[in-house]
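Structure, as structure tokens:
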Amino acid sequence: MDEKPGEEDVARAVRDLYASLLSAWNRRDAQGYAALFAPDAVMVGFDGSHLRGSEVEGHLAPVFADHPTARYVWKVRDVRLLGSDAAMVYAIAGMVPPGRTELKPALNTVQTLVAEHSAGTWRVALFQNTPAAHHNRPELVEQHSSELSQVLREASGPA
């Protein structure tokens with residue numbers, strides 16, 4: 001008898017997928033990052049570019065090889081099940097530029113990841129990275145940055 005995983009198990013698996021994706025970015029691991037995508041997935045970048053899952057590694061490898069990239073700090077706000085084999089992560093993220101220890105608010109983002117369960121594993125079906133400019137609402141920029149700065153402090157441990 002096949003037993004379906006419970007909502008908590010699915011939420012944990014999809015959170016882990018999202019964390020693995022951003023951790024691979026932080027390691028500058030194009031192959032590891034791309035391996036998390038379904039071949040027919042869609043990735044929408046911060047600049048509005050879009051790629052299929054099968055194109056992600058070829059796109060990121062030269063970026064990581066030729067450019068220092070900022071590292072992500074993130075906070076998952078919500079995980080929603082979209083059926084028995086799909087779920088969505090809604091998160092906020094920010095970036096710490098190379099050689100820095102603080103977030104750069106201009107790089108704040110809202111991220112959505114849709115995951116699909118197929119052949120016994122969770123894969124990214126859609127990853128969208130939207131700038132969190134919060135035009136004419138500086139208090140929202142501050143709130144976003146403040147939340148992520150707290151995550152960054154907690155990750156760094158006691159001073």
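Applying the condition of being in contact with a Leu (Cβ under 8 Å, 6 or more places away or on another chain) and touching a residue at least 60 places away in the same chain (Cβ under 8 Å) to segment 13-30 and asking which residue is farthest from ALA86 (Cα to Cα) yields LEU21. Strands (runs of 3 or more DSSP E) fully within segment 1-85 that include at least 2 residues being surrounded by 12 or more Cβ atoms within 10 Å (Cβ to Cβ) and touching a Lys or Arg at 6+ places or on another chain (Cβ under 9 Å): 37-44, 71-81. Restricting attention to segment 96-113, the residues that are assigned to a strand (DSSP E or B), touching a residue at least 24 places away in the same chain (Cβ under 8 Å) and either more than 15 Å from SER23 (Cα to Cα) or touching a Lys or Arg at 6+ places or on another chain (Cβ under 6 Å) (or both) add up to 3. Within segment 37-61, residues that are charged (D, E, K, R) have Cβ atoms under 9 Å from residues that are assigned to a helix (DSSP H, G or I) in these pairs: ASP40/GLY53; ASP40/SER54; GLU55/ALA34; GLU57/ALA30; GLU57/GLN31; GLU57/TYR33; GLU57/ALA34, counting only partners at least 6 apart in sequence or on another chain.
Considering only residues in segment 93-113 that are touching a helix residue (DSSP H, G or I) at 6+ places or on another chain (Cβ under 6 Å) and not small (Gly, Ala, Ser), the one that is surrounded by the most Cβ atoms within 10 Å (Cβ to Cβ) turns out to be LEU113.
Annotation note: of GLY45, GLY94, the sole residue that is of a type in the set (Gly, Ala, Ser) and modelled with pLDDT of 95 or more is GLY94.
The values are calculated or read from the model by the stated rules, or taken from the named source; none is laboratory data. All figures in this text were calculated on a predicted structure; none of them were measured in a lab. Note: ideal-geometry Cβ built from the backbone for every residue, glycine included; neighbour counts use all protein chains shown.
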